[in-house]
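Remarks on the structure that follows.
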Amino acid sequence: MDTPVEGFSKRSKAEKIAYIAEHFTADPKASKKLLEQYWNPDPTVQKLHDEFIENTISNYYLPFAIAPNFLINGKLHVIPMAIEESSVVAAASKAAKFWLNRGGFKTKVIDTEKVGQVHFIYKGDVRKLQGFFEKLKPKLIQSVSSITQNMEKRGGGINDIQLRDLSDKMEGYHQLHCTFETLDAMGANFINSCLEQFAKTLKDEAALYANFAQEEKEIEIVMSILSNYVPNCLVRAEVSCTVSEFEKGGVSAEKFVQAVNIAKVEPYRAVTHNKGIMNGVDAVVLATGNDFRAVEAGVHAYASKDGQYSSLTHASIENDIFSFWIEIPLALGTVGGLTTLHPLVKLGLEILQNPSAKELMQIVAVAGLAQNFAALRSLVTTGIQKGHMKMHLMNMLNQMGASESEKQQLVQYFKDRTVTNASVKAALEKIKAE
Ligand code: MEV
């Protein structure tokens, strides 16, 4: 196709599908059928999904699974996870079971501060700007009272607004650096609405400020937007037990700590180590309708906060006690957004007993820690391929077109054999020949 399409968004769903299938797929009839097969049979539910985004032509399924037996602060949880990668849920479940009899996970929310900034250019006298800001601050807060009213009633709202001078980094660059408490909401709309009003008030008030010279009155707003870097929206999750209890699982505690310490000092390893953590974090973030891109961006920035990308988890052995913990920033919501719209997200939250945002932060941190625990245990013993390929066996068999009974026989056959593409293919061919 070398001519751009006109008015695609205005076409009906059927027209969009026809256009895509006919122009971009080899078998338009089969493509159309596939897209339709993934629709929800209930037209109301389908409409809901169609309207989440623009130009929807079908649904994209991810498995929705449960990792049971998570003991968190003395209370049992089952954790919903949405993820495509084999062995993530199995690994989480295994880690939960291991810690179930060793005191479980202990968690604590350290802080829940969210951040947003108005970025602006002011090239005048900085002391005058500071004087102006002192007078401006109450007016800024007043100007958003209709937006903050409800949040304040529930105990949230604006924590603080600071004027920051960053003109040493870029000519005239200043910020209103604002912090918020958004309670159970992730708060993006709330924060961005406040910021856009702050920007307007800042510009209007500057134009009227008598101490500014004419050119100082013309503050240039560049943009107003929340930050996904939330180092003070922080949660900690921890497990600990005696070294001998830990080693009953067949893993050397010292070697486990070494593996964590390698990720602390070596960025190549840290990225993969943290990716494993995010296998658990993202799966719960997705299952609960939260913004995994925001979480990913914030978490990785936090992993670099000391100047070098490093591990998000930590481990120690002190006085014969093995401890393993994570501290991560998580800006999550349990109200608003998809949480009340997406039927499976609603169910996911119900399965978690309708947690507050703070409770969800703790559960998500536990999922990340559990995932890292399971990965490291495999890595320092058998390696991950053994477990991974076992889980992947079903995908291979499906790809190779095995029947239900062939799958059953082969799962049994590979219980004590090495799974590789070639070995599975050969075993399937043998059964088929018999
Ligand atoms: C795979 O998705 C994640 C791991 O690579 C994580 C790690 O290496 O720690 C197993």
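Would you give the gap between the C-alpha center of the range 1-78 and the C-alpha center of the range 323-377, rounded to a whole Å?
Computed from Cα coordinates, the inter-centre distance equals 25 Å.
How far is it, in nm, from the label point at Q308 to the one at A426 when both lie 7 Å from their Cα along the line to the Cβ?
Distance between label points: 4.5 nm.
Can you list which of the trypsin sites (Lys or Arg not before Pro) found in the range 344-421 are DSSP loop residues with at most 16 other C-beta atoms within 10 Å?
Counting only loop positions with at most 16 other Cβ atoms within 10 Å, the trypsin sites (Lys or Arg not before Pro) in the range 344-421 are R417.
For K32, list the aspartates and glutamates whose Cα falls under 13 Å from its own Cα; do not include residues on the same chain fewer than 8 positions away.
The qualifying aspartates and glutamates are E15, E22.
Which value, in debye to the nearest 20, describes the size of the charge dipole of the range 285-389 about its Cα centre when Lys and Arg Cβ atoms bear +1, Asp and Glu Cβ atoms bear -1, and nothing else is charged?
280 debye
Would you mind putting 117-128, 205-216 in packing order, based on average other-beta-carbon counts within 10 Å, highest first?
Answer by packing, highest mean first, reads 117-128, 205-216.
Would you compute, for the Cα atoms of the chain, the largest minus smallest coordinate along each principal axis and list the three values in descending order, in whole Å?
For the chain, the Cα extents along the three principal axes come out at 93, 69, 39 Å.
List the lysines whose alpha-carbon lies under 28 Å from that of K203, not counting same-chain residues fewer than 8 positions away?
Cross-link targets: K114, K123, K128, K135, K137, K139, K169, K217.
For labels at S146 and L166 in the simple 7 Å Cα→Cβ model, what's the distance in nm?
3.0 nm
With the contact rule set at Cα under 8 Å and sequence spacing of 6 or more, what percent relative contact order holds for the chain?
So the answer I get is 17 percent.
Each reported figure results from applying straightforward, stated rules to the coordinates on display, with no laboratory input. This one's a predicted model, so the numbers in the text were calculated from it and none came from an experiment. For neighbour counting, all protein chains shown are included, and Cβ atoms are generated from backbone atoms with ideal geometry for every residue, glycine included.
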